[in-house]
Amino acid sequence: MKKVKLKIPATVANLVCGFDILGMAVNDPYDEMEIRLLETPEIIIKHKDLFGLPEEPCKNVAGIVLLKIQEHFNLKNGFEVIIHKHIKPGSGLGSSAASAAGAVMGANIVLGNIMSKDEMVHFAMFGEELASGVRHADNIAPCIYGGITLVKSTNPIDIIPLNSPDLFVAAVHPQVEVKTSDSRQILKKNITLKSAVEQWGNIAGLVAGIQKNDFALIGRSLNDVIIEPVRSILIPRFDEIKSKSLQLGALGGGISGSGPSIFMLAEKKETAEKIADLMKAMYNEINIDNFVYVSKINPVGIEVIEEPKLD
């Protein structure tokens with residue numbers, strides 16, 4: 001039966017002001033996944049990492065996606081999935097989205113490309129629902145489409161691929177736990193009209209800046225007056241890291257997804273590397289283990305690293 005091997009990128013959701021609607025794929029870190037079509041109907045999940053994720057299909061992000069695909073298309077075939085995660089669960093870098101999007105992309109390939117990208121987003125969202133309780137697509141969409149994406153709607157699916165500016169991304173993942181479900185619960189249920197108007201202006205400015213490659217406009221628009229002020233209290237040294245990154249020349253940045261990772265955008269690699277060094281040093285000072293990454297925006301999303309072939 002057919003099998004395929006994939007490289008699945010980490011993603012930065014929200015892009016500061018675009019809560020649940022904006023997302024960006026990055027080159028590093030990434031997961032690897034191998035999916036094989038079976039002649040029998042079982043779903044087999046195997047992890048090659050040490051994160052201790054469940055391998056029972058109904059409790060696994062990739063597994064639940066494949067079960068939904070199997071049910072929808074009334075498949076007599078099953079799938080074997082081997083996952084090697086480098087994107088740590090709970091990092092805020094789209095770990096669950098990588099598993100969900102990788103599973104649906106791999107299944108689509110070995111089944112002969114029977115789904116559109118929007119259909120793949122639809123099925124992958126079941127994985128996000130299992131992980132966080134919410135069927136959001138801001139991580140999944142850039143994973144599948146590549147680059148930066150705008151999720152105009154999830155019902156019906158309406159994904160708008162945006163331009164991918166030639167920018168560098170510096171990110172730090174401090175080893176503190178921030179669960180997506182918990183970080184959603186602390187958000188305010190009501191906001192003022194003044195805050196809403198300011199946020200809408202920032203989102204519109206950010207999208208315009210991305211489309212026009214206007215880096216100054218991107219920088220002015222990377223401001224969140226609704227989500228970040230609440231969530232940032234869960235992330236040690238967030239305000240200090242953001243302030244000093246801007247002093248080093250960052251265009252802007254903020255919380256990656258629900259955290260605890262922090263990302264900053266920069267025009268030059270040298271600037272991004274200085275910011276990454278700053279991030280690492282600041283967490284080392286307070287004895288918090290951390291991982292830092294410097295990469296570019298990933299314009300293609302999931303990549304096939306081993307072409308479909310028969311066993």
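At a 1.4 Å probe, what is the % contribution of carbon and sulfur to the accessible area of the range 168-296? Kindly include the intermediate steps, with their values, before the conclusion.
Working: 3320 of 6310 Å².
In the range 168-296, the share of accessible area belonging to carbon and sulfur is 53 percent.
Considering only Leu75, Leu246, Leu278, the mean-square fluctuation computed in a Gaussian network model of the chain, springs between alpha carbons under 10 angstrom, is largest for Leu75.
Calculated mean residue ellipticity, 222 nm, the chain: -11000 deg cm²/dmol, from DSSP H runs (n ≥ 4) at -39500 (n - 2.57) each, averaged per residue and rounded to 500. The 3J(HN,Hα) values that the Karplus relation (6.51, -1.76, 1.60; θ = phi - 60°) gives for the range 15-24 are, in residue order, 6, 6, 9, x, 3, 6, 10, 10, x, 9 Hz. Gly and Pro appear as x.
Excluding same-chain neighbours fewer than eight residues apart, the aspartates and glutamates reachable from Lys3 by a Cα-Cα span under 19 Å are Asp31, Glu32, Glu34, Glu39, Glu42, Glu80, Glu303, Glu306, Glu307, Asp311. Tell me, how many Å apart are the Cα centres for the range 260-292 and for the range 89-129? Taking the Cα centre of the range 89-129 as reference, the centre of the range 260-292 is 29 Å away. Mean-square fluctuations from a GNM of the chain, with a 10 angstrom spring cutoff on Cα atoms, peak among Glu71, Glu80, Glu32 at Glu71.
Derived scalar couplings between HN and Hα for the range 221-234 equal 8, 7, 9, 10, 9, 10, 8, 4, x, 8, 6, 5, 5, 7 Hz in order, rounded to whole Hz, by the Karplus curve 6.51 cos²θ - 1.76 cosθ + 1.60 (θ = phi - 60°), x for Gly and Pro. Taking each of Lys212/Lys242; Lys152/Lys188; Lys117/Lys189; Lys48/Lys244 in turn, the alpha-carbon distance tops 27 angstrom for Lys117/Lys189; Lys48/Lys244.
Magnitude of the charge dipole for the chain, about its Cα centre and with charges confined to Cβ atoms of Lys, Arg (+1) and Asp, Glu (-1), is about 380 debye.
Report the number of Lys pairs in the range 256-311 whose alpha-carbons are under 20 Å apart, with separation of 8 or more residues or on distinct chains. Eligible lysine pairs with Cα atoms under 20 Å apart amount to 6.
Over all alpha-carbon pairs in the range 168-296, figure out the percentage whose distance exceeds 27 Å. Above the 27 Å cut-off, the range 168-296 has 19 percent of its Cα pairs. Each of (i) 27; (ii) 39; (iii) 20 is a candidate for percent of Cα pairs over 31 Å apart; the one calculated from this structure is (i).
Taken as entire DSSP H runs, the helices of the chain that both span 27 Å or more between Cα atoms along their own long axis and average -0.5 or more on the Kyte-Doolittle scale are 193-212. Residue by residue, the range 251-263 carries 3J(HN,Hα) couplings of 5, x, x, x, 6, 8, x, 8, x, x, 5, 10, 10 Hz when phi is fed to the Karplus relation 6.51 cos²θ - 1.76 cosθ + 1.60 (θ = phi - 60°); x denotes Gly or Pro.
The values are calculated or read from the model by the stated rules, or taken from the named source; none is laboratory data. Nothing here was measured: the structure is a model prediction, and the numbers come from that model. As a convention, Cβ positions derive from the backbone with ideal geometry for all residues, glycine included, and neighbour counts pool all protein chains shown. Heads up: the accessible areas ignore ligands, DNA and RNA and are worked out on the full protein's heavy atoms, side chains in. Shrake-Rupley method; radii C 1.70, N 1.55, O 1.52, S 1.80 Å.
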